[in-house]
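Structure first, commentary second.
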Amino acid sequence: MVCYQDGKKVVGPPFTMIIDLHIHSKSCSDGNLTVDEIVKEGKTRNIGLISITDHDSIGCQEKAMALARKNGIRYVSGVELNVTFSHPKYHEGKSISLDFLGYQFDIKNKELENKLQQIAAYREKRAAKILDNINAEFEKEGIKKLTKKDLREIQASVDGVLGRPHIADYLVRKGIVRTKQEAFDKYLVRCDVPKYPLYIDEASRLVRNAGGIIVFAHPNDPHGTSLVTLTKSLPEQTEIIEESILMYIDGVECWHSRNDVLTTDHYVEFAEKHGLIMTGGSDCHQKPILMGTVKIPEYVAEKFNIK
């Protein structure tokens, strides 16, 4: 098929609908725009199909659905689950983190809701332990330690689920570091505490039992939570998926703001080979605003059967 995109002749499916199925909000996660602001921005950018996929949280889904409907935007319920994963052939068998996206599930499902509440409670305890570890580093450097008051201030600054980015922001506000990245480089990587141990089989069961589908997020993200931690080889990555992940997923995120052409082509071919649903999104945390900037074929929307 020959069509035109941005005034240029291209071969393949037309990108007539703007799609973004991977967005994070300030309201329930670590984004910088509220749900209201995301939907407003989505309308301004003429995005036709969106999903807000907050980390381990579905508390904003009902509001997002209502706002999207009011603004004439098609919406898919979403969540991003962090999973503990290991493979005996890589990384000396040690655990790493991977992310999986749940879509089109029942937002009132009690089993899913209860598990996410457990994870949220654990995040609060994890944050306190991370601050203890940071204080140990501060003591070595002669920096005044953080107190319980500091932890309360961090918690008060969070609209959604508490995470390391919120601690990084606080360290910047306190003038201890200049940038969020410096906070991670100097303290948050070294002082990290393991996340809640959710495994792929349980994550898959939770989403599927809630009537949804589960998608492997950004499998080759060079700067994020991905299989790059185990291997940069795309063939080796998909071999790992075939051996240990394939049975638990319904799809793979083939289009992502940090994908190169080789990554997208490889995972599209892999998805087609195994009959997997293909999704895509910006993974936008709104600094800068990337919503709707990733070119995603319109046939991705057709897989969700949304009127």
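The values are calculated or read from the model by the stated rules, or taken from the named source; none is laboratory data. Remember, predicted model here, so these are calculated numbers, not experimental data. Backbone-built Cβ (ideal geometry, glycine too); neighbour counts: all protein chains shown.
Taking the condition of being surrounded by 21 or more Cβ atoms within 10 Å (Cβ to Cβ) and either among the polar types (S, T, N, Q) or within 17 Å of K303 (Cα to Cα) (or both), how many residues in the range 252-262 meet it? Result for the range 252-262: 5. Within the range 58-75, the residues that satisfy the criterion of being under 28 Å from L206 (Cβ atoms) and not in a helix (DSSP H, G or I) are I58, G59, C60, I73, R74, Y75. Taking the condition of being more than 19 Å from Q117 (Cβ to Cβ) and either touching a His at 6+ places or on another chain (Cβ under 7 Å) or modelled with pLDDT of 90 or more (or both), how many residues in the range 25-34 meet it? Summing the residues that are more than 19 Å from Q117 (Cβ to Cβ) and either touching a His at 6+ places or on another chain (Cβ under 7 Å) or modelled with pLDDT of 90 or more (or both) in the range 25-34 gives 4. There is at least one residue in the range 176-186 that is of a type in the set (A, V, I, L, M, F, W, C), outside any helix (DSSP H, G or I) and more than 23 Å from K26 (Cα to Cα).
Residue pairs whose Cβ atoms lie under 8 Å apart, separated by 6 or more positions or on different chains, with the first residue in the range 163-186 and under 16 Å from E153 (Cβ atoms) and touching a residue at least 24 places away in the same chain (Cβ under 8 Å) and the second among the basic types (K, R) and assigned to a helix (DSSP H, G or I), are G163/R123; P165/K180. Regarding the range 226-234, can at least one residue be identified that is over 16 Å from the mean Cα position of the chain (by Cα), crowded, with 20+ Cβ neighbours inside 10 Å and either at positive phi or not basic (K, R) (or both)? Taking every residue of the range 226-234 in turn, none turns out to be over 16 Å from the mean Cα position of the chain (by Cα), crowded, with 20+ Cβ neighbours inside 10 Å and either at positive phi or not basic (K, R) (or both).
Residue count for the range 32-57, restricted to those that are part of a loop (DSSP other than H, G, I, E, B) and out of contact with any Gly (no Cβ under 8 Å at 6 or more places or on another chain): 4. The condition of being closer than 26 Å to D201 by Cα, hydrophobic (A, V, I, L, M, F, W, C) and assigned by TED's automatic domain parsing to the domain that holds H55 holds for only one of V228, V294, that being V228.
In the range 137-160, the residues that are under 19 Å from A120 (Cβ atoms) form Cβ pairs under 6 Å with partners that are in a loop (DSSP other than H, G, I, E, B) and not acidic (D, E), at six or more places apart or across chains, as follows: D159/K26; D159/S27; G160/S27; G160/C28; G160/S29; G160/S57.
Annotation: N71 fulfils all but one of (1) surrounded by 17 or more Cβ atoms within 10 Å (Cβ to Cβ); (2) in contact with a Lys or Arg (Cβ under 6 Å, 6 or more places away or on another chain); the unmet one is (1).
Only one of the listed residues (V268, V207, V215, V294) is within 17 Å of the chain's Cα centre (by Cα) and assigned to a helix (DSSP H, G or I). That residue is V207. Specify the residue that is nearest to I50 (Cα to Cα); the eligible residues are those in the range 85-107 that are at pLDDT below 95 and assigned to a strand (DSSP E or B). Step by step, filter the range 85-107, then rank; the result is S97.
Within the range 86-125, the set of residues being within 16 Å of the chain's Cα centre (by Cα) and of a type in the set (G, A, S) comprises S97, G102, A120. For E80, indicate whether it is of a type in the set (D, E) and within 18 Å of the chain's Cα centre (by Cα). In short, yes. Across the range 162-213, the number of residues qualifying as surrounded by 18 or more Cβ atoms within 10 Å (Cβ to Cβ), modelled with pLDDT of 90 or more, in contact with a Ser or Thr (Cβ under 9 Å, 6 or more places away or on another chain) and under 18 Å from N32 (Cα atoms) comes to 2. For the range 280-291, the set of residues classified as under 19 Å from D260 (Cβ atoms) and assigned to a loop (DSSP other than H, G, I, E, B) consists of S282, D283, L290, listed by residue number.
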